[in-house]
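Participant: The structure's right below; bear with me while I get my questions together.
The values are calculated or read from the model by the stated rules, or taken from the named source; none is laboratory data. Everything numeric in this text was worked out from a predicted model, so none of it was measured. All Cβ positions, glycine included, derive from the backbone under ideal geometry; neighbour counts span all protein chains shown. In case anyone asks, the SASA skips ligands and DNA or RNA and just uses the protein heavy atoms, side chains included. Shrake-Rupley method; radii C 1.70, N 1.55, O 1.52, S 1.80 Å.
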Amino acid sequence: MADVTKSRITAAEFYELPEQTGFPIVELIDGEIILSATPIPLHQRISFRTASLIDDLKPDGEVVTAPLTVQLDDLNILEPDIMWIAENGNAIFGDKYVMGAPDLIVEIYSPSTMKRDRTRKFELYEKHGVREYWMIDPENEQVEVWVNGADGFSRLGLYGKIGTFTSPALGQRVDLSPVFP
């Protein structure tokens, strides 16, 4: 299913929409409602494995998976595939959503979301202070890791399914072999 832009609204109006069950995924980007197709089984398997990996490595806080939205500002409410929120980080849990930038966000490419994950969502995560951003390409079995610093995101590297790297946000060595089926 292709993305469909329906309307331009604020975060307050977004929260007045009927509650979604995750089908389709709904986000607010620059005030525009964006609908995306639901993930395929490969996406979900990778999501579960990656969330489990991060959960095992995290020093504190909580790992959560979609569907759960993150409000970055009044015009941007995103639904990352996976996020880690550190105990003393900038993001806080509300009753219905997370407010502020999580410490680590993971997006897993789907044909309908890859361009947005690499461009607009990348820019928003950078601008709002997400400490680390992983973009997973299931087709090529690769993880691209970006780290946020004084000058914005810098690319830590591109890692294959048998790759390892040290995550600055998690403070741990990450072995990617369990991520890909």
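Participant: Which loop-located trypsin sites (Lys or Arg not before Pro) does the stretch 68-164 contain, where loop means any DSSP state but H, G, I, E or B and the Cβ has at most 13 other Cβ atoms within 10 Å? Write down the numbers at each step before the final one.
Facilitator: Values: sites: Lys96, Lys115, Arg116, Arg118, Arg120, Lys121, Lys127, Arg131, Arg155, Lys161; in loops: Lys96, Arg131, Lys161.
Taking the stretch 68-164 and a limit of 13 other Cβ atoms within 10 Å, the loop trypsin sites (Lys or Arg not before Pro) found are Lys96.
Participant: Which residues' amide hydrogens lie under 5 Å from the amide hydrogen of Ile33, considering only partners 5 or more residues apart or on another chain, with H built in the peptide plane?
Facilitator: For Ile33, whose amide H was placed from the backbone, the distant partners under 5 Å are Lys6, Ser7, Ile9.
Participant: Can you give the accessible area of Thr164, probe radius 1.4 Å, in Å² rounded to 10?
Facilitator: 60 Å²
Participant: Could you state the angle between the C-alpha long axis of helix 41-57 and the longest principal axis of the C-alpha atoms of the chain, as a value from 0 to 90 degrees rounded to the nearest 10?
Facilitator: Once rounded, one gets 60 degrees.
Participant: In Å², what does the accessible area per residue of the chain work out to with a 1.4 Å probe? Mind showing how you got there, number by number?
Facilitator: On the way: 9070 Å² over 181 residues.
Result: 50 Å² of accessible area for each residue.
Participant: For the stretch 58-181, what's the relative contact order in percent, using C-alpha pairs closer than 8 Å and at least 6 residues apart?
Facilitator: Numbers: 237 pairs, mean separation 20.5, N = 124.
Relative contact order for the stretch 58-181 comes out at 17 percent.
Participant: Something else: If I model a spin label at Asp73 and Gln172 as a point 7 Å from the Cα along the Cα→Cβ vector, what separation in nanometres do I get?
Facilitator: 3.3 nm
Participant: Ranked by accessible surface with a 1.4 Å probe, highest first, in what order do Ile92, Ile105 come? Numbers along the way, then the final one.
Facilitator: Working: Ile92 105, Ile105 0 Å².
From most exposed to least exposed: Ile92, Ile105.
Participant: Moving to a separate point now. Debye sum, Cα scatterers, the chain, no solvent: what log₁₀ I/I(0) at q = 0.09, 0.17 1/Å?
Facilitator: Taken in order of the listed q values, log10 I(q)/I(0) reads -0.29, -1.09.
Participant: Could you check how much of the accessible area of the stretch 73-181 is carbon and sulfur, as a whole percent, using a 1.4 Å probe?
Facilitator: Numbers: 2480 of 5100 Å².
Within the stretch 73-181, the accessible surface is 49 percent carbon and sulfur.
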